[in-house]
Amino acid sequence: MKEKLQAIREKAIASIGEAKDLNTLNEVRQELLGKKGELTAVLKGMKDVAPEDRPTVGQWVNEAREFIEGHLAEANKKLQSKALEIRYEAEKIDVTMPADEVKRGNLHPVSLVRNELSDIFTSMGFEVFEGNEIETDYYNFTALNTPDDHPARDMQDTFYLSPEFLLRTQTSSGQIHVMEAKKPPIKIISPGKVFRSDDDATHSPMFSQMEGLVVDKGINLCDLKGILETFLKKLFGDGSKTRLRPSYFPFTEPSVEVDVSCFQCQGKGCKLCKGTGWIEVLGAGVVNKKVLEGCGIDTDEYSGYAFGIGLERIAMLKYGINNIKLLFESDLRVLSQLDD
Ligand code: DAH
């Protein structure tokens, strides 16, 4: 019997040693100590042992069981720390690895310009009015002193949707809606998309403008000059100078074209300003009395000024872009560089 138990012990050590992980070790435990195990078979056979030998044999069996359990426990401990090591290895983090790049979006340059201009004008008391992209001929032209046969209609190639409806060619159409809806004092800006059948390096069939309109008592060209000087200094820097040149728009009288001193060469003359020292940035003027009267505003009491700014043009100047198409191609390699 003693030899048999010794053989069981040796077999147990061998199979415990072979277990490579905790699951296998559990199976080995079942085989060795479970109901069908050899040791249990020996215990079951105790009834055949002579009664006087039973205490001794029983003790041998117990010792063998304790011996096997001791080895199982030891193997269990080793396999557990091995499993932990494997897990730690798998979860290891190399803190010196370069981080994954997180790509952040940025606003489109035209949106940046629109926001900057809106901030400047609202800080000077202007309210924002959103106009309509689809307009009637009346709001886009007739009410702006540009009747049907007026030669100024040729200044802008229009997309007509029907004889009556069109895609607005200028945010100036918003002026009429505002003056019809509201009595003076009026002080608004109106940013938005406009459309013209025009397409080259500096023109796009769709572009953006920001209109400005002020109507109040005693408004004149000096007020316009003052507000534009303040605006252009905020946009292009304190050293910027402003120049008004006579021009023509049907809805303003007098009309002016506004230049700012070149911010690249400070007026000395460079490629950007084509050697002139000046850059044209917007059109403006004193609102034509006919326009005010058409909206039911008493011109003995009130007068106004208006201006229109091309936002793509400002973006191109600000970010040094020479082709307007770059603003509409949605090439992220270009757009991601144009952030403030
Ligand atoms: N609407 C004009 C254009 O698109 C720009 C403009 C000029 C707007 C003079 C004005 C203005 O309000 O007074 O060419």
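A few points about this structure:
- When residues in segment 142-191 are screened for being polar (S, T, N, Q), touching an Asp or Glu at 6+ places or on another chain (Cβ under 9 Å) and more than 14 Å from the ligand (Cβ to nearest atom), 1 of them pass.
- Within segment 116-153, tally of residues that are more than 18 Å from Cys295 (Cβ to Cβ), aromatic (Phe, Trp, Tyr) and surrounded by fewer than 17 Cβ atoms within 10 Å (Cβ to Cβ): 0
- Taken over segment 1-21, the criterion of being open to solvent by 50 Å² or more (accessible area, probe 1.4 Å) and of a type in the set (A, V, I, L, M) is satisfied by Met1, Ala7, Ile13, Ala14.
- Any hit, segment 273-283, residues being farther than 21 Å from Ser208 by Cα and either touching a helix residue (DSSP H, G or I) at 6+ places or on another chain (Cβ under 9 Å) or aliphatic (A, V, I, L, M) (or both): no
- Tallying residues that are open to solvent by less than 70 Å² (accessible area, probe 1.4 Å) and within 16 Å of the ligand (Cβ to nearest atom) within segment 283-299 yields 11.
- Condition check for Tyr302: surrounded by 13 or more Cβ atoms within 10 Å (Cβ to Cβ), closer than 20 Å to Lys193 by Cβ, away from the ligand (no atom under 12 Å from the Cβ) and not hydrophobic (A, V, I, L, M, F, W, C): no
- Taken over segment 116-158, the criterion of being aromatic (Phe, Trp, Tyr) and not in a loop (DSSP other than H, G, I, E, B) is satisfied by Phe121, Tyr138, Tyr139.
- Residue within segment 317-329 that is in contact with a Lys or Arg (Cβ under 6 Å, 6 or more places away or on another chain), in contact (Cβ under 8 Å) with a residue 60 or more places away in the chain and surrounded by 20 or more Cβ atoms within 10 Å (Cβ to Cβ) present: no
- Remark: Gln209 falls outside the filter, which requires a residue to be surrounded by 16 or more Cβ atoms within 10 Å (Cβ to Cβ) and modelled with pLDDT under 95.
- Qualifying residue in segment 258-265 (condition: touching a Gly at 6+ places or on another chain (Cβ under 7 Å), more than 16 Å from the ligand (Cβ to nearest atom) and part of a strand (DSSP E or B)): yes
- If the condition is being of a type outside the set (Ser, Thr, Tyr) and surrounded by 15 or more Cβ atoms within 10 Å (Cβ to Cβ), then segment 28-42 contributes Val28, Arg29, Leu32, Leu33, Gly37, Glu38, Leu39, Val42.
- Picking from residues in segment 266-280 that are part of a strand (DSSP E or B) and open to solvent by 40 Å² or more (accessible area, probe 1.4 Å), the one that is farthest from the ligand (Cβ to nearest atom) is Trp278.
- If the condition is being among the hydrophobic types (A, V, I, L, M, F, W, C), within 30 Å of Phe231 (Cβ to Cβ) and either open to solvent by less than 60 Å² (accessible area, probe 1.4 Å) or part of a helix (DSSP H, G or I) (or both), then segment 74-115 contributes Val110, Leu112, Val113.
- Filtered residues of segment 159-190 (kept if in contact (Cβ under 8 Å) with a residue 24 or more places away in the chain, open to solvent by 30 Å² or more (accessible area, probe 1.4 Å) and part of a helix (DSSP H, G or I)): His177, Glu180
- Test: residue in segment 57-73 that is more than 17 Å from Gln6 (Cα to Cα) and surrounded by 14 or more Cβ atoms within 10 Å (Cβ to Cβ): no
- Val49 satisfies every condition listed in (1) open to solvent by less than 80 Å² (accessible area, probe 1.4 Å); (2) touching a residue at least 24 places away in the same chain (Cβ under 8 Å); (3) under 30 Å from Leu167 (Cβ atoms) except (3).
The values are calculated or read from the model by the stated rules, or taken from the named source; none is laboratory data. These numbers come from a predicted model, not from an experiment. Using ideal geometry, Cβ is built from the backbone for each residue, glycine included, and neighbour counts are taken over all protein chains shown. Surface areas here come from the heavy atoms of the whole protein model, side chains and all, with no ligands, DNA or RNA. Shrake-Rupley method; radii C 1.70, N 1.55, O 1.52, S 1.80 Å.
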